[in-house]
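Remarks on the structure that follows.
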Amino acid sequence: MPNEAGPIVVMKRRELKYLLDPQQKAFLLERLRGHMEADHYGLTSIASLYYDTPDYRLIRTSLEKPPFKEKIRLRSYGLATDESPVFLELKRKANKTVYKRRVQTTIPLVRRFFDREGDICGGGQINHEITYFRDFYRNLVPACLIIYDRTAYAETDGDLRLTIDDAPRYRMQQLDLKTSLDGTLLLPEGQSILEIKVQQAMPLWLARALSDGGIRPASFSKYGTAYSRHILKHA
């Protein structure tokens, strides 16, 4: 289980995104040597089930690029079962800073929560925030499943974190975490998504590596791309 796992997690950080072709990925991995190491989980398949209103209010708002936006998703590492741990995440972004509230739960408990038959984590501030979000948007339903194969890297002597997501893909049907990890590719085959997660400023050595590799920031939303491709195209 990746190191974000835990019963309750609160995070605040900046997330910087980039798109990598195979050559840029190989270049970057070489430059990471001596600075960052892959965590002991290695390559991990991650599935995130995004909840939205029936008219896609959350993702439509997000695509307008407001200074504040928010989303809720249910995440599993590999295929889930009714007994395996999954993670309900409330993610907000304000002025390029990401705030995440995350609780460990199970699929049956999540179903009950969205059916308004119970709390998600037994009270407390995190439960209050997630419950308020559910009640504010009212009829939240599974809207899009995003899957990718992630390798996470951590700084050997700091809090810098970096992830590379290979083969990002999506489904707009069979919206559950137990069926399969198949989906339609979001990017041309071989391209990856790089995310750099920092508390403060990016270290100079990494900024130089990105510049030397011609790796430029990219605005890319997995759910937003899936919505634009699948829903807007057929609207």
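For the stretch 100-142, a residue qualifies if it is assigned to a helix (DSSP H, G or I), within 20 Å of the chain's Cα centre (by Cα) and of a type in the set (A, V, I, L, M), and the qualifying residues are 107, 110, 126, 130.
For (1) closer than 19 Å to residue 113 by Cβ; (2) surrounded by 17 or more Cβ atoms within 10 Å (Cβ to Cβ); (3) in contact (Cβ under 8 Å) with a residue 60 or more places away in the chain, each residue gets a yes or a no:
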| position | (1), (2), (3) |
| --- | --- |
| 41 | no, no, yes |
| 44 | no, no, yes |
| 47 | yes, yes, yes |
| 53 | yes, no, yes |
| 58 | yes, yes, yes |
| 61 | no, no, no |
| 67 | no, no, no |
| 76 | yes, yes, yes |
| 79 | no, no, yes |
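Annotation note: Cβ proximity below 9 Å between a residue of the stretch 188-210 that is within 20 Å of residue 166 (Cα to Cα) and a residue that is part of a loop (DSSP other than H, G, I, E, B) and among the basic types (Lys, Arg) (sequence gap 6+ or interchain) occurs for 210/216.
Taken over the stretch 65-80, the criterion of being outside any strand (DSSP E or B) and over 14 Å from residue 49 (Cα atoms) is satisfied by 65, 66, 67. Among the residues of the stretch 187-233, those identified as outside any helix (DSSP H, G or I) and over 25 Å from residue 99 (Cβ atoms) are 187, 188, 189, 190, 191, 192, 213, 214, 215, 216, 231. Within the stretch 143-162, the residues that satisfy the criterion of being surrounded by 20 or more Cβ atoms within 10 Å (Cβ to Cβ), closer than 29 Å to residue 114 by Cβ and either among the hydroxyl-bearing types (Ser, Thr, Tyr) or within 14 Å of the chain's Cα centre (by Cα) (or both) are 144, 145, 146, 147, 148, 150, 152.
When residue 19 is tested against (1) within 13 Å of the chain's Cα centre (by Cα); (2) among the aliphatic types (A, V, I, L, M); (3) under 23 Å from residue 183 (Cβ atoms), exactly one condition is not met: (1).
Among the numbered criteria (1) surrounded by 12 or more Cβ atoms within 10 Å (Cβ to Cβ); (2) at pLDDT 95 or above; (3) among the basic types (Lys, Arg); (4) out of contact with any Gly (no Cβ under 6 Å at 6 or more places or on another chain), which one does residue 169 miss? Of (1) surrounded by 12 or more Cβ atoms within 10 Å (Cβ to Cβ); (2) at pLDDT 95 or above; (3) among the basic types (Lys, Arg); (4) out of contact with any Gly (no Cβ under 6 Å at 6 or more places or on another chain), only one is false for residue 169: (4).
Tallying residues that are under 25 Å from residue 69 (Cα atoms) and exposed (fewer than 12 other Cβ atoms within 10 Å of the Cβ) within the stretch 186-229 yields 4.
The values are calculated or read from the model by the stated rules, or taken from the named source; none is laboratory data. Predicted model, so just to flag it, every value in this text is computed and none were measured. Note that each Cβ is placed from the backbone with ideal geometry, even for glycine, and that neighbours are counted across all protein chains shown.
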